[in-house]
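Here is the structure we will look at.
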Amino acid sequence: MRLAGSEKTQHFTVILYEVSALSGQRRARLGLFSQARRLHVETGRMATLIADRFLFHGTATAAEDFNLMAIDLASGHRVRLQIASAGTRSEQQTWVDGCARAYADGRLVDFGFIGTAHRFEAYARPGAREGQPTPAAASLLEWLERAHPASPRVLYVAQRPDVRDLRLRGFVPCDVALLQDVALSSDIRAMLTKRSVVLLDSRGVPSHIALAVLRLRQSNVRDVCAVVQREPATPARIASAAESRAAYDGPASPPLDSRPERPEQDRRTKRQGREGGRLPMPDARVAQLMAEAERMLQRGRHSAAQRALRAALGASGRRGDWVRAGDIGLTLGRLLLGRGRAAEAKTVFEEAHSCFQQGLAPGPAIDATILLGVAQTDLADLRGAEQTCRAAYAAAVALQRPEFVLSAGIALARTLLWQERRADAWSLLEGITPAGDADTCTRYWCLVARLRIDSGALSDAWEPVERARRAANGGSPGLESLIRLCEARVQARLGDVEALRLHVAAGLAAARCAHLPLQAIRLRLVHVDGLVRAQRPGSARSSVKHLGAIRQGAVPPLLKSRIDSVLKTLDSPPTARESVARFQVEGSGCDVAELDGVRNLLALSHQLEDEAEALVRVATAVRRHTHAAGVGIFGSHSAVTRLVGASGSSSEQLAQRAINVGQPVVPGPAGGWMEGAIPIQYLGRFIGAMAFRWNIEGPRNLERALAFGAAAAAVCAPLVYVLLERQNTPASEEAPFDLTGASAAIGEVRKAIARAANAPFTVLIEGESGSGKELVARAIHRAGGRRDRRFAALNCAAMPEDLIDAELFGHAKGAFTGAAGERLGLFESADGGTVFLDEVGELSARAQAKVLRVLQEGEIRRVGENFTRPFDARLVAATNRSLRAEVEAGRFRQDLLYRLDVIRISVPPLRDRVDDIPLLAARFWKHAAERIGSKAVLGQSVLSALARYDWPGNVRELQNVLTALVVAVPARGVVGASQIPLAIARAAEASSQESLESARLKFEQRFVRAALARTAGHRGRTAAALGLSRQGLAKLMQRLHLDA
């Protein structure tokens, strides 16, 4: 500690204070200063984490070799660490081999390197033998590294995992039992900040695991996973962990045993009743304050209720009744959260969580964490809210309490939904079964309904809304307002303004009855959104008059951003059409209504960006105009007919009949209804049908209904075609090694990558410019054992000759003018990883000699230094030339070629992968369209033209062409062949009109080129492979106009 000026600590009666965030009271604590001073003076008692596993408490000597006694975080045992200098490269390899054998025999707990200067060996106490790793460790590591975002991050295993593998993969293993100790827990959590932690547990006590996960959340760890071993803890392990904690000089803790856990209320009774041997009962003052707060809440006097709750909270805290204080804090935090004071609520929830941690109550602690995540979401801290809710979800799964799992899952899914991660939120909710109280189940089904609404599945959104209403079962007004909000969202998307108004009015009445001002604001925002979607901006502006003043009050940042978005949308001045009152024409009202209906259909089809939503809106408009009971729009693709937009129910069989005959089906009676259908035609073929269903009396005017239906079918035909093309486009599955394609050529490249990834030798990648050589190099790096280290790439052709040495090998301080400090070279910075040298054939003769030396010796020397440094990096080189031809021409060293050409991979040009062009085009088009928000789709004529082009620039040229095309074409519709670049269109047209002779000439050229590539340009071997003489090959190449 440092005090201002020359003041000394003894000049102060009280130095530090302890302030409660809940009650706001300040209490002097002299012990805090004495504790801080003791930690400052006793610097030898600092805690240090060694090798991501061992906790050392003390000071280490500066000698080269020394021994330390530390605590193994993975088991709780005390271990002896023998630390020595790293040694030379050969010594390191010999040491690693010996340690691996000792580790396999169980003589070593762990071994490895500390940085680059030291190595360590960990030995267990005599008699404390560690369990050996099992074959299940590989599946465990795969689960840890590739777990789905919706996974609860809690795994139950039958055998002990390989702790050393966890450490090497970047995880810090930690035994749950160690976090139960007060002193150890504080030091361990301080060491684990911003780290990925794997909690190990073999006792199977759910409350301990849950509390450990929540404690680590307070330490701002990067990720927490819990691995629970179902085998019970052995007495030897329990005694060893207790002895390690005792040796740490921490306060005494209850002994860890394997007895079954007591019920939660029994635990509270035991731990809260240590003084006096009984549970502290609330005094009359606390009971009186709580009753007063309840009365104030029922009367809507929230300020008075807050004052009463804060007073009750302070009284409970002073008596040490932590669980009751936490319960009061949850009530106060919920009140603040509902009033829009999310920042204050967050502070209250954090303090309540600390109270529950001190009271060892895992269930209420999870509740506090969930509400803390909700407050962070309202504060627009979405990343922090996700971490908090994920910790609560993991703790709830570990506690094995379904009600907490459901509440935590809802909070986490809400946070993911605000981050536009609908797939993750949907996967999370699908794995949860809604059961329990009405409030939680109602919120679950309302969130499912919102997911379906945001995904555009409006017809499927009514089912969860109905389930939410059944779960509420006429419950509180708050639940009624929540359900009404979901129903209003559906009607806003459908554009039914009248139904939207009714739902919003009922929701506002319920929100006022429940004293929920924020819910009322959400309902008003949905109302305005529905008016905007229904093309009524004038009514929308009149509905947002008070939103500008509301946002100045106690509104959370997340809701405030929605208000700003709505106000910005309506900020433009009203048009003349909005200002002039609508009028009706007498006498010709039917004709004007027909034209007005068609105009509205055209506006819907052109103004909405989402085709599925536009078709639903069109069906709703047609149903309203024709007075039908139901209208369905069906699409047909590959002899499969499915519904693409509907308003009410209709007959799929009748729609299929209209598609088959290609003629309208005149309405007729069918099963108590009057049904008919009109086919939808586009680009000369029938792609769907529009089916109608009236009551038994039929339409009022059959001729007008069919005419309007035919106009509606023509309007929605392009929407149906685009939607069918998008839905039937093959899903872009995760291609192996990120190499898109299904041809045999790319399949051979994938096999070569799989073989090269597991071999420690250099790789030479050959291929034309733009064919994807660097993509292959990165795939080799990701598939091998060096994936966790750096991938360093350098384009040799772009590096000047005078800078290549410093770039590859680094330089010392002052090595040349401008070298203000030392700098790591490419090889040294990628130690343990992969170095990729692109266009290696462009290296000068001097640079080639130095690279050859590095590959032979495995050492580099920086510019300006006179000693070498060892490194361990794998080299992958790429070239668009034939290096053997360069060797024959004297431009490349032959001995360097032998060093590089250990594993050779040839990347085929795009003209030899014609079958992959549609897949590549679909992938590039999707990525480019998503970046600019385009909804256009590629037509079959475009794909055919792209497949006929020769693509001299290979995949890079294809990507650039499609990127330019997505900017040039309209944002909606089908892209035709007339819109592609002229050079590609002409080449495709010439290819489609070529003769048999020209096609044979091109085939022979490609065939000879492929033979030359397989033999690296050697004419003798090429002639033998083709069954020709050397002179015959020369004549053939001259006739085919091939470059020698």
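Overview of values
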quantity	calculated
E859 being modelled with pLDDT of 90 or more and among the acidic types (D, E)	no
Every residue from the range 847-872 that is without any contact (Cβ under 8 Å) to a residue 40 or more places away in the chain and of a type in the set (V, I, T)	T868
Check on A312, loosely packed, with under 13 Cβ neighbours inside 10 Å, assigned to a helix (DSSP H, G or I) and either of a type in the set (D, E, K, R) or modelled with pLDDT of 75 or more (or both)	no
Residues of the range 85-115 that turn out to be charged (D, E, K, R) and either within 19 Å of N67 (Cα to Cα) or touching a helix residue (DSSP H, G or I) at 6+ places or on another chain (Cβ under 8 Å) (or both), as a count	2
Residue satisfying condition, being modelled with pLDDT of 85 or more, in contact with an Asp or Glu (Cβ under 8 Å, 6 or more places away or on another chain) and either outside any loop (DSSP other than H, G, I, E, B) or more than 25 Å from A492 (Cα to Cα) (or both), within set L479, L447, L451, L406	L479
From the options A646, A628, A612, residue that is part of a helix (DSSP H, G or I) and crowded, with 18+ Cβ neighbours inside 10 Å	A612
Residue within the range 290-297 that is surrounded by fewer than 22 Cβ atoms within 10 Å (Cβ to Cβ), assigned to a helix (DSSP H, G or I) and among the small types (G, A, S) present	yes
Members of the range 298-325 that are free of Cβ contacts under 8 Å to residues at least 60 places away in the same chain and of a type outside the set (G, A, S)	Q298, R299, R301, Q306, R307, L309, R318, R319, D321, W322, V323, R324
Residues satisfying the stated conditions in the range 812-843, i.e. under 16 Å from L900 (Cβ atoms) and either over 43 Å from the mean Cα position of the chain (by Cα) or assigned to a strand (DSSP E or B) (or both)	T834, V835, F836, L837, D838
Meets criteria (of a type outside the set (D, E) and either surrounded by fewer than 22 Cβ atoms within 10 Å (Cβ to Cβ) or under 13 Å from F686 (Cα atoms) (or both)) for A658	yes
Conditions (1) surrounded by 18 or more Cβ atoms within 10 Å (Cβ to Cβ); (2) over 25 Å from R536 (Cα atoms); number of the one not met by G474	(1)
Restricting the range 335-373 to residues that are among the acidic types (D, E) and touching a residue at least 24 places away in the same chain (Cβ under 8 Å), the residue that is surrounded by the most Cβ atoms within 10 Å (Cβ to Cβ)	D367
Among the candidates A365, A423, A395, residue that is out of contact with any Lys or Arg (no Cβ under 8 Å at 6 or more places or on another chain), modelled with pLDDT of 85 or more and assigned to a helix (DSSP H, G or I)	A365
Residue among G635, G709, G676, G668 that is out of contact with any Phe, Trp or Tyr (no Cβ under 9 Å at 6 or more places or on another chain) and of a type outside the set (V, I, T)	G668
Where A797 falls short, out of the listed (1) in contact with an Asp or Glu (Cβ under 6 Å, 6 or more places away or on another chain); (2) under 27 Å from G864 (Cα atoms); (3) not in a helix (DSSP H, G or I)	(3)
Matching residues, the range 164-175, being surrounded by 24 or more Cβ atoms within 10 Å (Cβ to Cβ) and among the aliphatic types (A, V, I, L, M)	L166
Residue within the range 48-64 that is at pLDDT 85 or above, assigned to a helix (DSSP H, G or I), out of contact with any Cys (no Cβ under 6 Å at 6 or more places or on another chain) and not charged (D, E, K, R) present	no
G785 vs. criteria in the same structural domain as D895 (by TED's automatic domain parsing) and exposed (fewer than 13 other Cβ atoms within 10 Å of the Cβ)	yes
Yes/no for L494 being at pLDDT below 80, in contact with a strand residue (DSSP E or B) (Cβ under 9 Å, 6 or more places away or on another chain) and aliphatic (A, V, I, L, M)	yes
Residue count for the range 916-943, restricted to those that are closer than 10 Å to V966 by Cβ and of a type in the set (S, T, Y)	1
Filtered residue count, the range 298-309, keeping only those that are modelled with pLDDT under 75 and either acidic (D, E) or not in a helix (DSSP H, G or I) (or both)	2
All positions within the range 649-689 that are within 27 Å of G973 (Cα to Cα) and in contact with a helix residue (DSSP H, G or I) (Cβ under 8 Å, 6 or more places away or on another chain)	P664, A677, I678, P679, I680, Q681, Y682, L683, F686, I687, G688, A689
Checklist (1) within 20 Å of A375 (Cβ to Cβ); (2) at pLDDT below 80 applied to W322, failing item	(1)
Residues within the range 892-927 that are crowded, with 16+ Cβ neighbours inside 10 Å and more than 30 Å from I980 (Cα to Cα), tallied	10
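A quick yes/no check of all residues on (1) surrounded by fewer than 17 Cβ atoms within 10 Å (Cβ to Cβ); (2) in the same structural domain as R562 (by TED's automatic domain parsing); (3) not aliphatic (A, V, I, L, M):
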site: V405; (1), (2), (3): no, no, no
site: W426; (1), (2), (3): no, no, yes
site: L429; (1), (2), (3): no, no, no
site: A438; (1), (2), (3): yes, yes, no
site: W445; (1), (2), (3): no, yes, yes
site: D454; (1), (2), (3): yes, yes, yes
site: P464; (1), (2), (3): no, yes, yes
site: R470; (1), (2), (3): yes, yes, yes
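For every residue, the table says whether it meets (1) modelled with pLDDT of 85 or more; (2) at negative phi; (3) assigned to a helix (DSSP H, G or I).
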residue: A922; (1), (2), (3): yes, yes, yes
residue: W925; (1), (2), (3): yes, yes, yes
residue: S941; (1), (2), (3): no, yes, yes
residue: W951; (1), (2), (3): yes, no, no
residue: V955; (1), (2), (3): yes, yes, yes
residue: N960; (1), (2), (3): yes, yes, yes
residue: R986; (1), (2), (3): no, yes, yes
residue: E997; (1), (2), (3): no, yes, yes
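The values are calculated or read from the model by the stated rules, or taken from the named source; none is laboratory data. Please read these numbers as outputs of a predicted model, since none were measured by experiment. Positions of Cβ are generated from backbone atoms using ideal geometry, with glycine treated the same way; all protein chains shown enter the neighbour counts.
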